[in-house]
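Every number in this text was worked out from the coordinates using simple rules, so none of it is lab data. Keep in mind it's a predicted model, so treat the numbers as computed, not measured. Heads up, the Cβs are rebuilt from the backbone with ideal geometry, glycines too, and the neighbour counts pull from every protein chain shown.
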Amino acid sequence: MIQEFLDTFVLVQGWLLDKVVQPSLLALGLGSLVEPAFDGIEFFLFGVIQLAVAYVLLRPLEAWRPVEHWPDRRAVRVDVLYTFLDRLGIVPLAVFAILSPFVLGLDGWLRFHDIIPPQIEDAFPSLEMHPLAAFFVYLVAIDFFEYWRHRLSHTLRWWWALHAIHHSQRQMSLWTDSRNHLLDDLIGGAWFALVALLIGVPPGHFIGLLVAVRIVENLSHVNARISFGRIGEQLLVSPRYHRWHHAIECPPGERFRYGCNFAILFPIWDRLFGTQYLAATLPPTGITTPELADPVHADHFWRQQADGITGLVGVIRKRKAPG
């Protein structure tokens, strides 16, 4: 069954390239982009699958056991827009176009100086015979660095000015995962790509790692009363666990000054670095920053983007101000 799915996937990918994408690129004189376009189609198809899985499996959970009931769901609709832009590759491909020259240049510089990023298989050769185990090891490594990226986005004031857009949603749902400022997406994309390059993630694993992270992120934002149990909550980030990360008020204590539960996939990082908070309650979500909490901006994509820029400029000006 898995092989049949893969065969169908490759068949559809090839058909879209031959019948839709390649003729368009050639007509526009962009024939050099045909090869990367093939990877772009793969990303697009995986995005379609992710959207289908999220809606078919997670949306019923929100209808069955919602944490909150919202008579007016307009604020959720803008998150649906964010999700489609992200999952179908529009934002990621734009990020790729911006970052590609830099990443390729860095890769070329490393190779020119005979610096080949080590792969995990180099340290553990037996993993070459077990691709699934190798994939999981890379997933753990990526998640470790994603924890620190996420934590820094709350700690550095200029970065928080952008990341706050993600936290401004009072109606958190499965769609909220992709609600990000475009500059925050750019930084996150650069971080993910550079980490993957420096730890030697094989090209065949890259998209799979990205998809795995995003599926769990969809689940962790779902508006549903779901707990993985006492043991499960320590193994994988659950909606209950992540909801405290989005809580309007941080838990008491200096160690939670910038928030809690920063882990993307595995709660072990929060436990190791003192940012874990476990509670049975389900707090309201959002932030209290007045301009971001304004109902007028709740369902306005471009206004939210402008708010992020305004906040970023404000932080920079404050730093430059004398005294």
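So here's what we get for this one:
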quantity: Positive-pole candidate from 47, 197, 127, dipole of region 11-320, charges at beta carbon; calculated: 47
quantity: Cβ-placed point charges (K, R +1; D, E -1), dipole of the chain about Cα centre in debye, nearest 20; calculated: 1300 debye
quantity: Sequence ranges 148-156, 30-38, ranked by mean other-Cβ count within 10 angstrom, highest first; calculated: 148-156, 30-38
quantity: Cβ-based charge dipole, the chain, positive-most Cα from 183, 312, 63; calculated: 312
quantity: Efficiency of FRET between residue 34 and residue 136 - r from beta-carbon atoms, R0 35 angstrom, step 0.05; calculated: 0.60
quantity: Unit charges at the beta carbon, dipole of region 200-255: most positive-side option, 236, 247, 224; calculated: 224
quantity: Cα-based helix-to-principal-axis angle, 301-320 vs the chain, degrees rounded to 10; calculated: 80 degrees
quantity: Size of electric dipole in region 226-278: Cβ of Lys, Arg +1 and of Asp, Glu -1, about Cα centre, debye, nearest 20; calculated: 60 debye
quantity: Mean separation of Cα contacts under 8 Å, 6 or more apart, over the residue count of the chain: relative contact order %; calculated: 21 percent
quantity: C-alpha center-to-center spacing [region 20-57, region 159-186] in angstrom; calculated: 25 Å
quantity: Acute angle (nearest 10 degrees) that the helix 34-53 long axis makes with the longest principal axis of the chain, alpha-carbon atoms; calculated: 40 degrees
quantity: Rounded tilt (10° steps) of 157-167 against the dominant C-alpha axis of the chain; calculated: 90 degrees
